[in-house]
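Okay, structure first, notes after.
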Amino acid sequence: MKFRTGTLYTQKMAHLYGRATSSSCLLCHQPDSQIYMLSGCQNASIQNMVTERHNIASRIFIKTLSKGDFGGNIIFTEIGSGTQMAQQSLVLPAHVANRTLPQWLLSNLSADELRSCSRPDAMCILPVGTKNGHQRDIQATHPLRWDVHLIEVK
């Protein structure tokens, strides 16, 4: 709401009010503004904070999804390390790949390509026409019969 009303306190405003010696970002020394403050700073500590905030939200979503009917059909996540997931009491089943796409999913790609390619936050695969997620061995189903759900948390 502060952004929408123009009252989000920034370094630029602090300088305007005489509470700071510079109107630039204290971390990277770029010109400061509300937009910059919310999404523009490229300092590593800010980027890591933004990434971790995203991963926390993703882990909450996956934890909730895994408790439902389709939980057994989650095959991949890209939501942080096992340690970070454990801190949020999220334990993935053994069949779920984390951070590297499973080789069987894209068998035409090398292991290096699977590690370096763009990945969604999570993937859930259901056999086409499935009303519930009780089938767990999707590898036994022909890929033409897959209903693939790419999950992106924004």
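Could you tell me whether any residue of segment 23-45 is in contact (Cβ under 8 Å) with a residue 60 or more places away in the chain and among the hydrophobic types (A, V, I, L, M, F, W, C)?
no
Of the residues 72, 80, which single one is part of a loop (DSSP other than H, G, I, E, B) and not aliphatic (A, V, I, L, M)? Working first, answer last.
Values: 72 fails: part of a loop (DSSP other than H, G, I, E, B).
Selected residue: 80, the only one of 72, 80 that is part of a loop (DSSP other than H, G, I, E, B) and not aliphatic (A, V, I, L, M).
Selection of segment 93-128 for residues being of a type in the set (S, T, N, Q) and either surrounded by 14 or more Cβ atoms within 10 Å (Cβ to Cβ) or in contact (Cβ under 8 Å) with a residue 12 or more places away in the chain (or both) yields 98, 100. Checked against (1) modelled with pLDDT under 85; (2) closer than 30 Å to residue 25 by Cα, residue 138 meets all criteria but (2).
One residue stands out in segment 110-127 among those that are assigned to a loop (DSSP other than H, G, I, E, B) and touching a Leu at 6+ places or on another chain (Cβ under 8 Å): the one that is nearest to residue 67 (Cα to Cα), namely 120.
Residue 67 meets all of the listed conditions (1) within 30 Å of residue 101 (Cβ to Cβ); (2) modelled with pLDDT of 90 or more; (3) of a type in the set (D, E, K, R) but one, namely (2).
Okay, residues lined up against (1) part of a loop (DSSP other than H, G, I, E, B); (2) more than 27 Å from residue 51 (Cβ to Cβ); (3) modelled with pLDDT under 90; (4) touching an Asp or Glu at 6+ places or on another chain (Cβ under 8 Å):
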{"residue": "4", "(1), (2), (3), (4)": "no, no, yes, no"}
{"residue": "8", "(1), (2), (3), (4)": "yes, no, yes, no"}
{"residue": "14", "(1), (2), (3), (4)": "no, no, no, no"}
{"residue": "18", "(1), (2), (3), (4)": "yes, yes, no, no"}
{"residue": "21", "(1), (2), (3), (4)": "yes, yes, no, no"}
{"residue": "28", "(1), (2), (3), (4)": "yes, no, yes, no"}
{"residue": "35", "(1), (2), (3), (4)": "no, no, yes, no"}
{"residue": "39", "(1), (2), (3), (4)": "no, no, yes, no"}
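Candidates are the residues of segment 1-50 that are aromatic (Phe, Trp, Tyr) and exposed (fewer than 15 other Cβ atoms within 10 Å of the Cβ); the one that is nearest to residue 80 (Cα to Cα) is 3.
The values are calculated or read from the model by the stated rules, or taken from the named source; none is laboratory data. This structure is a prediction, so every number in the text was calculated from the model and none was measured. Ideal geometry is used to build each Cβ from the backbone, glycine not excepted, and the neighbour counts take in all protein chains shown.
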